[in-house]
Amino acid sequence: MSVKDTPDAFEQYLAAMANWYEVSDVGEADRKAFFNRSRSTMTMAGAIGHGACVRQTLSRSPATLRRSDIDGLNLLCNTAAIVGDVDGRDIRAEPGAVQLRDMTRPAASRLDRVDVTTLVVPRVAVPQALLSREAHGVVLQPHTPGGRLMRNHLIGLEADAADLSDAEVEAGIQGLLMIAVRVMGLDNPQADEPVAAALHRTVRRVVGAHVERGLLAGELPPENDELARIAGVSRATLYRAFDVEGGVARYLQVRRLNHARTALARRRDGVPTVADVGYRYGFASPTHFSRQFRQHFGYSPSDIEPAPVPAGVTMGTGPIRHDVLVEWLEQLKFRTP
């Protein structure tokens, strides 16, 4: 898509990217010649795609992080050099370097040419070693053997993803993550999973899917006895399964808080109110909602501002649908391992 065939192409791009990245530093000449070409393949294991666009700066500021609600790991490889800032740390990536970005942490990148292959994997599917603060912003340069291996795997997987089954794409993504762990020298023991651990994972997956369907339908999670019945286990097994989540009650509260944050980011003109959102997701009072929200996210519900949409731009008819990708990734983050 370009301004040649869609006069408001740049404005549509800004609106579609608002919950993904803040776009800045696009010069007047680039606006007049604006274009964007993108393709993507989406599976339950992650989204992989390629994009080409004019020079720009892409940022995930604290305001964007509060609004976007995207929770995952981004691996990207651009054919041009990238300079930027990651959590206050300067980075410089050579053309063809592979970078790791935690989408819940601040980052900014200046791209003089956007020709990027990118993979976003929901947090639940990422090895913990790649989610550490130290891993955020790592650059695997192409002159190193490990960097070349990562680049070739990422670009090759993206090129063939549309012709592969979901299972094959998932295997390719998991293989890429394992390569990243090894190349970065991170510990990732692959011991056989005990039977009890496998059972607990299944319980969390079944309960998580049921809770998610209910919240999307406007229903609050049922009592623990009902959750145990749905999972086909005793209450004791249910409790043990959610120990890693801080307990069943904590797990359910986090789910409700995440859905509340999504609802707040989609408000327009202050409707619904913060109090109404809190009540909708089962919080007893506005004070209780605000306190729990701040304790979990580090900021208050009123700090969330909806993404700006340029006047006259209707995303439902535009050819750029980054907004669809964002909504899909938001849903993936509610999956339970």
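Taken together, the values in this text are just the output of simple stated rules run on the coordinates, not laboratory data. Here the structure is a predicted model, which means the values were calculated and not measured. Note that each Cβ is placed from the backbone with ideal geometry, even for glycine, and that neighbours are counted across all protein chains shown.
Observations
- Gyration tensor over alpha-carbon atoms, the chain, equivalent ellipsoid semi-axes in Å: 34, 27, 18
- Neighbourhood net charge (14 Å Cβ-Cβ; Lys/Arg +1, Asp/Glu -1) for Phe289: +3
- Residue among Gln56, Trp20, Thr6 farthest towards the positive dipole end of region 2-129, charges placed on Cβ: Trp20
- Inverting the pair-averaged 1/r between distinct Cα atoms of region 116-155 gives 11.5 Å as its Kirkwood hydrodynamic radius.
- Candidates Ala231, Ala275, Ala198: whichever shows maximal mean-square fluctuation once the chain is modelled as a Gaussian network with Cα springs under 10 Å: Ala198
- Taking all Cα pairs closer than 8 Å and separated by 6 or more residues, the relative contact order of the chain comes to 20 percent.
- In order through region 24-35: 3J(HN,Hα) via Karplus (6.51 cos²θ - 1.76 cosθ + 1.60), integer Hz, x for Gly, Pro: 8, 6, 9, x, 4, 4, 5, 5, 5, 10, 4, 8
- Region 217-262-region 163-187 distance, computed between alpha-carbon centres (Å): 30 Å
- Sequence-separation-based contact order of region 1-68, relative, with Cα cut under 8 Å and 6+ spacing, percent: 37 percent
- Applying both filters, DSSP loop and at most 15 other Cβ atoms within 10 Å, to the trypsin sites (Lys or Arg not before Pro) of region 34-137 gives Arg55, Arg133.
- Stokes-Einstein translational diffusion, region 195-305 - Kirkwood Rh over all Cα pairs, 1.567 mPa s, 4 °C, in µm²/s: 87 µm²/s
- Extension gain, Ala162-Arg267: 0.36 nm per intervening residue step, less the Cα-Cα distance, totals 34.3 nm.
- Mean separation of Cα pairs under 8 Å and 6 or more residues apart, divided by the residue count, gives region 195-305 a relative contact order of 20 percent.
- Each principal axis of the Cα cloud of region 220-285 was taken in turn, and the coordinate range along them, longest first, works out to 46, 20, 19 Å.
- When region 9-186 is reduced to its Cα atoms, the Kirkwood hydrodynamic radius in Å: 16.4 Å
- Spin-label pair Arg148/Ala197, simplified geometry with 7 Å Cα→Cβ offset, distance in nm: 3.5 nm
- Cα-projected label distance for Arg89 with Arg37, points at 7 Å along beta-carbon direction, nm: 3.5 nm
- A dipole drawn for region 195-305 from +1 and -1 charges on Cβ atoms has a positive end, and of Phe283, Gly270, Ala231 the residue lying farthest that way is Ala231.
- Proximity of backbone amide H atoms, modeled 1.01 Å from N, is registered between Val138 and Leu100 at under 5 Å, excluding neighbours fewer than 5 places apart on the same chain.
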